[in-house]
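Have a look at the structure below before the remarks.
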Amino acid sequence: MSKYYKDEIVEGCVTGVESYGIFVTLDEYYSGLIHISEISDGFVRDINKVADIGETIRVRVLDSDDDTFHVKLSIKNLNYRMKRKNIKIEETIHGFVTLKDNLPKWIEQKNEKN
């Protein structure tokens, strides 16, 4: 029994962008590729402008292999970008002082671990 079905629209996280396509992880097991031919009917000039690593996008499942946990994906004719919530960040009284004071200590701690 397949977890993902043909033409199903699901959300995934972009994990890589190459000249031939975009890699997307759907869950802890399944991952797939949006081949460049499944991005647009037109010419894709710069695939790096299509999606960013770490971005959550909507994808259409073209095929799913439950033995290898790989899926073939598409964003062609799909509003794939998730709406970003407008989050208002309010500055505290201290502003960036806490960051300025702690940054050298955090860098030193990180260097000690390496």
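The values are calculated or read from the model by the stated rules, or taken from the named source; none is laboratory data. Nothing here was measured: the structure is a model prediction, and the numbers come from that model. Cβ sites come from the backbone with ideal geometry, for glycine too, and all protein chains shown count toward neighbours.
If I filter segment 41-50 down to residues being in a loop (DSSP other than H, G, I, E, B) and farther than 16 Å from residue 12 by Cα, which single residue comes out as modelled with the highest pLDDT? Among residues in segment 41-50 that are in a loop (DSSP other than H, G, I, E, B) and farther than 16 Å from residue 12 by Cα, the one modelled with the highest pLDDT is 46. Scanning segment 58-114 for residues that are modelled with pLDDT under 85 and in contact with a strand residue (DSSP E or B) (Cβ under 7 Å, 6 or more places away or on another chain) yields a count of 1.
Give the residue, chosen from 55, 38, that is modelled with pLDDT of 95 or more and surrounded by 11 or more Cβ atoms within 10 Å (Cβ to Cβ). The unique qualifying residue is 38.
Checking the stated criteria, residue 9 turns out not to satisfy the condition of being under 14 Å from residue 80 (Cβ atoms), out of contact with any strand residue (DSSP E or B) (no Cβ under 6 Å at 6 or more places or on another chain) and not small (Gly, Ala, Ser).
Annotation: of all residues in segment 61-84 being of a type in the set (S, T, N, Q) and over 18 Å from the mean Cα position of the chain (by Cα), the one that is surrounded by the most Cβ atoms within 10 Å (Cβ to Cβ) is 64. Got a number for residues in segment 2-45 being of a type in the set (Lys, Arg) and either within 12 Å of the chain's Cα centre (by Cα) or under 15 Å from residue 75 (Cα atoms) (or both)? So the count comes out to 1.
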